[in-house]
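The values are calculated or read from the model by the stated rules, or taken from the named source; none is laboratory data. Note that the structure is a prediction, hence the values are computed from the model and not measured. In this analysis, Cβ positions are derived from the backbone assuming ideal geometry, glycine residues included, and neighbour counts consider all displayed protein chains. Areas reflect the complete protein model, heavy atoms only, side chains present, ligands, DNA and RNA absent. Shrake-Rupley method; radii C 1.70, N 1.55, O 1.52, S 1.80 Å.
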Amino acid sequence: MDSARRPCLISVCLSVLAATCLPCSGSPGPSLWGKKVVFMGRHCVWQLDKGCLVPPLEELSVCVHLHREIATSEWTGFVYKAPGERQVELGLAGRGGFLVAWLFGHQWSVPEDLPLKCWHNVCLTWSSHSERLRLYINGSSCLDAHVNATLPRRLAHNGTLTLGVSHNIVGGVMEFENGKNFLGAISLFRMWGHERTAEELRAQSCIIGNVVRWDNNDWDYQICLPEDDTNIQCGAFPNVTASPPTVTNTTPGSPTSTNTSDPVTPTETQQTPLGLPVSPTGLSTTKEPSDLNSTGTGIASTFYRVQMKLNMTMTVTGSDPGETIQTWVQRKLGEVRMKALHFQIFQSTYKGNDKKETQRVEMAAELRNQKRFRCTFHIQDADARNVMTTQRLINDLLSRIHFGGEIQVDSRDVHVSHIDPGSCPEDTHESIRGVYIWPIKDAQKTETMICEKNSGARASRKCELDGVTEKAKWAEPNLKACKPMITISDLDNVTVTANNSADVVDMIEDLLGVEGDLSDSQLATVVQKLDEVLGVSTVTPALGEDIVSIIADILGSSSNLSAVANDILGITGSVGDQMDFPEESQNVTVPSLALSMINVDPEQFQGLTFGVSSFSTGLAPEIFVNQTFLSQPCDGTVASISLPRDLQNFFPEGNKKKRVQFHFYGTQELFKDPETNWTLNSYVVSASVNNSNVSNLGNPVVVTLTHLKPKEKNDKVECVYWEFQKNNGSGGWDSNGCETLPSISAYQTTCHCYHLTHFGVLLDVSRTPISEADQDTLMVISYLGCGVSSIFLSISLLTYMVFEKLRRDYPSKILINLSVALLGLNLVFLMDSWLSSFGFYSLCIATAATLHYFLLASFTWMGLEAVHMYFSLVKVFNVYIPSYILKFCTLGWGIPLVVVSLVLAIEKDAYGNVLSGDSLDSLQGSEPFCWMQSNVFFYITIVAFVLLVLVFNMVVFIMVLIQIRHMQTNNPAATVNKRSVMHDLRAVASLTFLLGLTWPIAFFTWGPARVPMLHLFSVLNSLQGFFIFVFHCLMKENVRTQWRIHLCCGRFRLNDYSDWSRSVTMGGRTKQNHLVHRFPSVKSVNTSSRKISDDSTTASGSSSPPYHQWA
């Protein structure tokens, strides 16, 4: 009867598999049952494969096995989010001793804290019909909550799912949320498209999911490979455990068999992949269709999977059982030209009919000094024999007593199934050593090709059998014998993008190994490409480590680094600022260089100490980080730096991460100062805070450095820091702001380290530093010039505002607005450093935005001045513009407001301190200055805007000069005038300052002419307000007349100037004709020429129409 039922049972099992395995990817792939994913603070990402699409479910069930290792206040089990959404569509998490279930952005909490060090089966079920959300832990109901009917009735489809960490999709790229990672192991995540009952969950806890399975095909993972775990309990799934057959064993005493009359069957705890039915002895345990009928065919195969259980008597003291078993397997297979691959061994357990008998069996095995093992491996058959024949052969080879009874294997415990890994596809591989097209190749075969550059050498690449997926895949090619096709100089022709940045870094690494020492031009190319990579890429830990390794290779070479020292320091700093890692901290150590990055919580910050405990030249330093401030020197360290608690006042506000990074440089070649005769007698250590400039600390930064050469009696020691702006921007040593403690030993020194900018930085297009002496000179010029301009602009405004007759015409009103903008620009610039010294982040942004606004407003009004000139002099047909000045004011003050508002809305952190990238070891470099710190916004909203206005003003200026020249040509009387040349020069100078045509000097501050041009720029533009006063107040006849009428007394006082007054009044009454022009006759042209010339230079007392009084 039993024998008759057995085929039916097998059919039922196969039917169940067929019914339940209808997941995302169609046919099943290599199973993950019996495997776990370990999340222990490392960068580990498991996400749903893109080919696995979750449908719009109206009900669902989700189960996952969790094993917590470390207690944390918050952790994430899994998170599912709808496409493009930030809220959690479905999820499971822990928070402060509560278990939290997420559904449609809402959360339900239960007071359950999963105990550590053991597995828990947690299930969620939901149905839109019952409107209930239920939570089960190990089969027990913990939550039965009503789901509001207003919430969605379907689960969002085609979403993203991650295990152990939450995520967001930003710009099409998945970003992971740090600080709430799961610390432990996760296994058996499954999803069903229906609501499972509590009875089903308890009785059938290991059913395969029909939406998402625990299967390789449904999951995408790159780094964290699944690991076997024999302790995962799967519950009472039918056929999970198979009753051991009772046979008579020919070897007495074997723990795997017993006499038929023995009531006890000591056998291994069944650890077949969880949830998969165990096949009867002799059948394959794989789920692939090819495995189900492999023994009945005459197909020849090369690769097999073997799962084997064995007993081993531990007779050899200190021997490694894994090594012993692997050696035995390889030797036995080698007898028939077979080879074992991907060998894995796990210790197993015994099991009786009940707990008591299980203990007895275990005790008996212990007395015999025996242990139970389970091993899995792949076999490659060199002869590719018939499948059925080969399976029997392998079983016969392994199912014996070996090593004098030390290893015992029962034939029933050997399961052999053939696998078909396929072939490696054709693949094109591009590298610096050429382009190689690798043809289709069978698994475990190696292809060789002739090197492109040197035909006498060979490149090789192996098609490997992947131990996890059991598919053929290409290994990395071996191109060491091939010479490079390109050189470092060829990198200049490579455009770095986000897609090829990693390849560019790999190319640089390979080329450095070939080139050795680099020339100045090659070094500049490498540094430039690394900087471009950082500008376009997301810096992953792997990419960051590669870049740091390249820097270490450069530091270890004999190349001259003085020209790129600051660039290299900037690159390492950018790597530390931009690196994206999920943990609280990340360390990168390579020979002679170390980086340590810590994401800190400002509220819990108590200081930080970084140190190097040991270091040898050419080796990676050993580093340590303490979450405290050590005011005393760190003895026994190569170098250390301790940051006080005061540093929390300088952390950036907003949502940006608060990160502190430390650097250690175990080389002196990078820090060469030609201006000093002193010798660097220690290694270099530094610290920095992202997006912050730290100065005026209440407590000092404590730096302890070990001498490379012991200090002798008469030697002088001084603490210094690297000042980036010294030596014309090449960098150099400076001691300002650092004190050397008096207790200096012969072997160690302890340091305590606790400062404006010039006007030219506002349009410093090159954005590169200048020497300290030149900066001091420019600072004095800028502040004096802005102060003088502010005074005389105030006088000009007061004059035009008090004397109503002066502001009746349009040019005067435009001049008043321009003066207000320039006055605001000068005043904000003068107060910028003082305001930024308070150290308030919001105040610094407001100051920088206000300075930006008045700069743009000044240039907008200069451009409107040019527009008015164009309408008045150049445009010759009739024009009438209603509400003329109102429209000008809307443009003049509105356009800058829109630009600044957009910058603040898009990225308010574009404003900030222009010294924010400096490190703590250069705290005293220069005074803080709030300005535009983003190069992108600087060039778009300032350089491009100003350049556009200046180009337009220059065109109008040339057109006006041509028009004036044309009018003078038609006016012979003007040519005869002896003062005509002087008048023309005054008119040109007046228009030059009025239209801001001295500002283009900023675009010529490059190369050797940089410093002289900056001096000229600072003098002319800081005094622009003074020159406007001179040409448009002091030298204007009507202004001087008003001064003499109202401000002077005695013989200097004038009576009311009736002619002038009448002229202006008439101009004011003919308001609508201000911008009406007729085709000029010779007479009108001659008159216009006279008016412009006279009013521009003021020597003449004649009047002009209102629209000619701008000069």
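The set of residues from segment 411-457 being small (Gly, Ala, Ser), outside any strand (DSSP E or B) and either at pLDDT 90 or above or within 30 Å of Met388 (Cα to Cα) (or both) comprises Ser411, Gly422, Ala443.
Scan segment 443-467 residue by residue and report those that are of a type in the set (D, E, K, R) and within 21 Å of Asp420 (Cα to Cα).
Residues satisfying the conditions are Lys445, Glu447, Arg461, Lys462, Glu464, Asp466.
Note on segment 53-74: among residues that are assigned to a strand (DSSP E or B) and in contact with a Lys or Arg (Cβ under 6 Å, 6 or more places away or on another chain), the one that is modelled with the lowest pLDDT is Glu74.
All of (1) closer than 30 Å to Gly34 by Cβ; (2) within 34 Å of the chain's Cα centre (by Cα); (3) open to solvent by 80 Å² or more (accessible area, probe 1.4 Å) hold for Thr469 with one exception: (3). For the criterion of being within 20 Å of Val949 (Cβ to Cβ) and either touching a Ser or Thr at 6+ places or on another chain (Cβ under 9 Å) or modelled with pLDDT of 75 or more (or both), Ser990 passes. In segment 470-493, the residues that are more than 30 Å from Ala340 (Cα to Cα) form Cβ pairs under 6 Å with partners that are basic (Lys, Arg) and crowded, with 18+ Cβ neighbours inside 10 Å, at six or more places apart or across chains, as follows: Cys482/Arg433; Pro484/Arg433; Leu491/Lys529. For Thr389, are the conditions met, namely being under 13 Å from Met308 (Cα atoms), at pLDDT 85 or above and open to solvent by 20 Å² or more (accessible area, probe 1.4 Å)? Judged against the criteria, Thr389 is not a match.
For segment 639-676, the candidate set comprises residues that are among the β-branched types (Val, Ile, Thr) and assigned to a strand (DSSP E or B); within that set, the residue that is nearest to the chain's Cα centre (by Cα) is Val660. Looking only at segment 558-596, residues that are farther than 26 Å from Pro644 by Cβ, of a type in the set (Ser, Thr, Tyr) and assigned to a helix (DSSP H, G or I) come to 1 in all.
For a quick check of your reading of the model, give me the residue pairs whose first member lies in segment 1022-1047 and is under 18 Å from Ile791 (Cα atoms) and hydroxyl-bearing (Ser, Thr, Tyr), whose second is in a helix (DSSP H, G or I) and open to solvent by less than 30 Å² (accessible area, probe 1.4 Å), with beta-carbon atoms closer than 8 Å and at least 6 apart or on different chains. If the second residue must be in a helix (DSSP H, G or I) and open to solvent by less than 30 Å² (accessible area, probe 1.4 Å), the pairs left are Ser1022/Phe759; Ser1022/Ser782; Ser1022/Gly785; Ser1022/Cys786; Ser1022/Ser789; Ser1022/Asn826. The residue of segment 1002-1025 that is modelled with the lowest pLDDT, among those that are buried (at least 21 other Cβ atoms within 10 Å of the Cβ) and assigned to a helix (DSSP H, G or I), is Ala1002. Checking each residue of segment 842-854 against the condition of being under 25 Å from Asn953 (Cα atoms), more than 34 Å from the chain's Cα centre (by Cα) and buried (at least 24 other Cβ atoms within 10 Å of the Cβ) gives no match. Within segment 174-219, the set of residues being among the charged types (D, E, K, R) and either within 18 Å of Val62 (Cβ to Cβ) or buried (at least 22 other Cβ atoms within 10 Å of the Cβ) (or both) comprises Arg190, Glu195, Arg196, Glu199, Glu200, Arg202, Arg213, Asp215, Asp218. If you scan segment 122-141, which residues turn out to be touching a Leu at 6+ places or on another chain (Cβ under 8 Å), of a type outside the set (Gly, Ala, Ser) and either open to solvent by less than 10 Å² (accessible area, probe 1.4 Å) or modelled with pLDDT under 90 (or both)? Listed by number, the residues that qualify are Val122, Cys123, Leu124, Thr125, Trp126, Leu133, Leu135.
I'd like to know if segment 77-93 contains one or more residues that are surrounded by fewer than 19 Cβ atoms within 10 Å (Cβ to Cβ), charged (D, E, K, R), at pLDDT 90 or above and within 24 Å of Tyr136 (Cβ to Cβ). Among the residues of segment 77-93, not one is surrounded by fewer than 19 Cβ atoms within 10 Å (Cβ to Cβ), charged (D, E, K, R), at pLDDT 90 or above and within 24 Å of Tyr136 (Cβ to Cβ), which makes the answer no. I'd like the residue in segment 458-480 that is out of contact with any strand residue (DSSP E or B) (no Cβ under 6 Å at 6 or more places or on another chain) and more than 18 Å from Thr302 (Cα to Cα) and, out of all such residues, is modelled with the lowest pLDDT. The qualifying residue modelled with the lowest pLDDT is Lys480.
Does segment 597-607 include one or more residues that are out of contact with any Pro (no Cβ under 7 Å at 6 or more places or on another chain), buried (at least 20 other Cβ atoms within 10 Å of the Cβ) and either part of a helix (DSSP H, G or I) or polar (S, T, N, Q) (or both)? Among the residues of segment 597-607, not one is out of contact with any Pro (no Cβ under 7 Å at 6 or more places or on another chain), buried (at least 20 other Cβ atoms within 10 Å of the Cβ) and either part of a helix (DSSP H, G or I) or polar (S, T, N, Q) (or both), which makes the answer no. Sub-7 Å Cβ pairs linking a first residue in segment 746-757 that is within 15 Å of Ser837 (Cα to Cα) and hydrophobic (A, V, I, L, M, F, W, C) to a second residue that is surrounded by fewer than 22 Cβ atoms within 10 Å (Cβ to Cβ) and at pLDDT 65 or above, at least 6 apart or interchain, are Leu756/Met779; Leu756/Ser833, ordered by first then second residue. A single member of Ala145, Ala156 is under 39 Å from the mean Cα position of the chain (by Cα) and over 18 Å from Ile186 (Cα atoms), and it is Ala156. Applying the criterion of being within 19 Å of the chain's Cα centre (by Cα) and outside any helix (DSSP H, G or I) to the residues of segment 498-540, the residue that is surrounded by the fewest Cβ atoms within 10 Å (Cβ to Cβ) is Asn499.
Scanning segment 1026-1037 for residues that are open to solvent by 40 Å² or more (accessible area, probe 1.4 Å) and within 20 Å of Met954 (Cβ to Cβ) yields a count of 1.
In the condition set (1) assigned to a helix (DSSP H, G or I); (2) open to solvent by 20 Å² or more (accessible area, probe 1.4 Å), Leu793 is compliant with all but (2).
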